[in-house]
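*Asks:* Take a look at this one; I'll ask things after.
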Amino acid sequence: MKEIVTGENNMADIFDKIISGEIPAYKVYEDDDVLAFLDLSQATPGHTLVVPKAEVANIFEYDTDLAQRVLGKLPMIARAIQASDPAIIGMNIISNNGAAAGQSVFHSHFHLLPRYADDGIVIPAPDHSSDYDADTYAAIAAKISANFN
């Protein structure tokens, strides 16, 4: 088994320990690239984490190949979660990237959060569209577009 070196103190994070089997998990799917298991918080029933087995802290560290191999599994896993409970009427797929975005485990992961009628979960970000005009939108779009190779 490879030595896992992560974080400032070179300690394996909790997801590395789950991947290696050092910590048990309620696994729902596993292959060479990803492990999907129930989040112990169960914000709603079926709340699942999808974790790449590769060492990447966040979305900014993925290359195209890894992104295809990991993110390409999300629809399949989401469909399995949805099929597991006829009461599921939607799904949020959430990934916090960086401390400022609320990431608390610095090993990339995706929350698949099944949605149920009246589940009380509030996700949408606030609407700040009134703060922007056409010129502001165009300037932001141009700054982002300029960074594609």
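The values are calculated or read from the model by the stated rules, or taken from the named source; none is laboratory data. These figures come from a predicted structure and were not determined experimentally. Don't worry about glycine lacking a Cβ; one is built from the backbone with ideal geometry, like all the others, and counts go over all protein chains shown. These area figures cover heavy atoms from the full protein model, side chains too; ligands, DNA and RNA do not enter into them. Shrake-Rupley method; radii C 1.70, N 1.55, O 1.52, S 1.80 Å.
*Asks:* Below 8 Å, C-alpha to C-alpha, sequence gap of six or more: please give me the relative contact order for the chain in percent. Before the final figure, lay out each step's value.
*Replies:* Numbers: 167 pairs, mean separation 30.8, N = 149.
Relative contact order comes out at 21 percent.
*Asks:* If the reach is capped at under 19 angstrom between alpha carbons, list the aspartates and glutamates near residue 143, excluding any in the same chain fewer than eight residues apart.
*Replies:* 131, 133, 135
*Asks:* Okay, moving on. Amide H to amide H under 5 Å from residue 116: which residues, 5+ apart in sequence or cross-chain, H placed 1.01 Å off N in plane?
*Replies:* 89
*Asks:* Explain nothing, just the number: dipole magnitude of segment 14-146 about its Cα centre with +1 on each Lys and Arg Cβ and -1 on each Asp and Glu Cβ, in debye rounded to the nearest 20.
*Replies:* Details: 8 positive and 18 negative charges, 52 e Å.
For segment 14-146, the charge dipole is close to 240 debye.
*Asks:* Another question, then. Taking only DSSP H segments of four or more residues, each worth -39500 (n - 2.57), what value at 222 nm results for the chain once the sum is divided by all its residues, to the nearest 500 deg cm²/dmol?
*Replies:* Working: 4 runs with 37 residues, N = 149.
Computed mean residue ellipticity for the chain: -7000 deg cm²/dmol.
*Asks:* What is the distance in Å between the Cα centres of segment 108-149 and segment 49-89?
*Replies:* When both Cα centres are located, 19 Å separates them.
*Asks:* In the chain, carbon and sulfur make up what percent of the accessible area (probe 1.4 Å)? Provide the component values of the computation, followed by the final result.
*Replies:* Working: 5400 of 9540 Å².
The nonpolar share, carbon plus sulfur, comes to 57 percent.
*Asks:* Next question. So what is the accessible area of segment 14-146 per residue, in Å², with the probe set to 1.4 Å?
*Replies:* On the way: 7860 Å² over 133 residues.
Heavy-atom accessible area per residue stands at 59 Å².
*Asks:* Give me the three principal axis extents of segment 45-133 from the C-alpha atoms, as integers in angstrom, largest value leading.
*Replies:* On the principal axes, segment 45-133 reaches 42, 37, 25 Å in Cα extent.
*Asks:* Give me the accessible area of residue 71, 1.4 Å probe, in Å² rounded to the nearest 10.
*Replies:* Ignoring ligands and nucleic acids, residue 71 comes out at about 60 Å².
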